[in-house]
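Novice: Structure provided below as structure tokens; questions to follow.
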Ligand code: KIV
Ligand code: NA
């Protein structure tokens, strides 16, 4: 079992902030875990940032299973969380349980679903079956078509009620935490005070119990980064520069120079690195 469990995450509420970041493959899982991130999350955002889709609606269970397996192999300490993709849990509770089980068998410690109140039966059944669940309210990207795009939430009475109702339903059904996506910060604060389970914010201000960001956004890989993301690095440019350098050195015959081919290799060093 990994060091960070859902129980530990719940105990962090009110004591220390919870950190969460997405990861979609073995190297990103390794680095996130080494950095000491609490929750390493295989999000269905992979449809956009890894597969280049316009939204998350094309992500399949098979994709989620493959990527979860790769991340799970890398992570020793953090909690591995996997997203349930569009239409993998909406059709029936049975379908939802079966699909959640596939993610757990691929190495996830918990699953995340979008919504709360509408899925309280599923959440309850999953938790009773031994599968910890995180909910997700505010902006729910799987309802992209109905919402007509990605907008701030919590501006109308109706939206505020829905967000609170989701968070409370999740708490009651036994979920261990809830994501608040693109919610007005005052509303996120209210929800954080109203429920005992931790709230994890994205674009929802400073009052949540934790924060989540998408790997490609925070590292500066992605061209369509939302305005609430802080870029902690500009890897897109760093990688492009490296590739241009490589290209030029090959074109100019500068690479490979002496130390990079067999006759010049340090044979002891080679044996060690093999
Ligand atoms: O898929 C994802 O990356 C998410 C986060 C934005 C919370 O659901
Ligand atoms: Na998601």
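The values are calculated or read from the model by the stated rules, or taken from the named source; none is laboratory data. Bear in mind the structure is a predicted one, so any value in this text is a computation, not a measurement. All Cβ positions, even for glycine, are placed from backbone atoms using ideal geometry, and neighbour counts span all protein chains on display.
Novice: For residue 241, all conditions in the list (1) surrounded by 10 or more Cβ atoms within 10 Å (Cβ to Cβ); (2) at pLDDT below 95; (3) under 31 Å from the mean Cα position of the chain (by Cα) hold save one; what is the number of the exception?
Specialist: Looking at each condition in turn, residue 241 falls short on (2).
Novice: Let me ask something additional. With closer than 30 Å to residue 16 by Cβ and under 16 Å from the mean Cα position of the chain (by Cα) as the only criterion, which of 235, 213 stands out? Before you say what the answer is, go through the steps one by one.
Specialist: Numbers: 235 fails: under 16 Å from the mean Cα position of the chain (by Cα).
The conditions single out 213.
Novice: Also, I was wondering about something else. Quick one: how many residues across segment 76-101 are surrounded by fewer than 18 Cβ atoms within 10 Å (Cβ to Cβ) and assigned to a helix (DSSP H, G or I)? Please lay out each step first, then the result.
Specialist: Narrowing segment 76-101 to residues surrounded by fewer than 18 Cβ atoms within 10 Å (Cβ to Cβ): 76-77, 87, 90-95, 97-98, 101.
Pick out the ones that are also assigned to a helix (DSSP H, G or I) and you get 93-95, 97-98, 101.
Selection size over segment 76-101: 6.
Novice: I'd like the residue in segment 47-75 that is in a loop (DSSP other than H, G, I, E, B) and in contact with a helix residue (DSSP H, G or I) (Cβ under 6 Å, 6 or more places away or on another chain) and, out of all such residues, is surrounded by the most Cβ atoms within 10 Å (Cβ to Cβ). Don't jump to the end; show me each part of the working.
Specialist: Of segment 47-75, the ones in a loop (DSSP other than H, G, I, E, B) are 50-60, 75.
The next check asks that each one be in contact with a helix residue (DSSP H, G or I) (Cβ under 6 Å, 6 or more places away or on another chain); those that pass are 53, 55-56, 58-59, 75.
Numbers: 53: 14, 55: 17, 56: 21, 58: 14, 59: 26, 75: 22.
Restricting to residues being in a loop (DSSP other than H, G, I, E, B) and in contact with a helix residue (DSSP H, G or I) (Cβ under 6 Å, 6 or more places away or on another chain), the top hit is 59.
Novice: Of the numbered conditions (1) away from ligand 1 (no atom under 16 Å from the Cβ); (2) more than 25 Å from residue 96 (Cβ to Cβ); (3) not in a loop (DSSP other than H, G, I, E, B), residue 165 fails exactly one; give the number of that condition.
Specialist: (2)
Novice: State yes or no: is residue 216 loosely packed, with under 12 Cβ neighbours inside 10 Å and within 16 Å of ligand 2 (Cβ to nearest atom)? Before you say what the answer is, go through the steps one by one.
Specialist: Details: loosely packed, with under 12 Cβ neighbours inside 10 Å: no; within 16 Å of ligand 2 (Cβ to nearest atom): yes.
Judged against the criteria, residue 216 is not a match.
Novice: Just to verify a result, which residue in segment 244-268, among those that are surrounded by 10 or more Cβ atoms within 10 Å (Cβ to Cβ) and assigned to a helix (DSSP H, G or I), is modelled with the lowest pLDDT?
Specialist: Here is the first cut: in segment 244-268, the ones surrounded by 10 or more Cβ atoms within 10 Å (Cβ to Cβ) are 244-250, 254-257, 264-266.
From the residues that got through so far, the ones that are assigned to a helix (DSSP H, G or I) too are 244-250, 264.
Values: 244: 98, 245: 98, 246: 98, 247: 98, 248: 98, 249: 98, 250: 98, 264: 85.
Ranking the qualifying residues of segment 244-268, first place goes to 264.
Novice: Among the numbered conditions (1) surrounded by fewer than 16 Cβ atoms within 10 Å (Cβ to Cβ); (2) not in a loop (DSSP other than H, G, I, E, B), tell me where residue 211 comes up short.
Specialist: (1)
Novice: Now a separate question. Exactly one condition in (1) away from ligand 1 (no atom under 16 Å from the Cβ); (2) assigned to a loop (DSSP other than H, G, I, E, B); (3) surrounded by fewer than 16 Cβ atoms within 10 Å (Cβ to Cβ) is not met by residue 150; state its number.
Specialist: Here residue 150 clears every test but (1).
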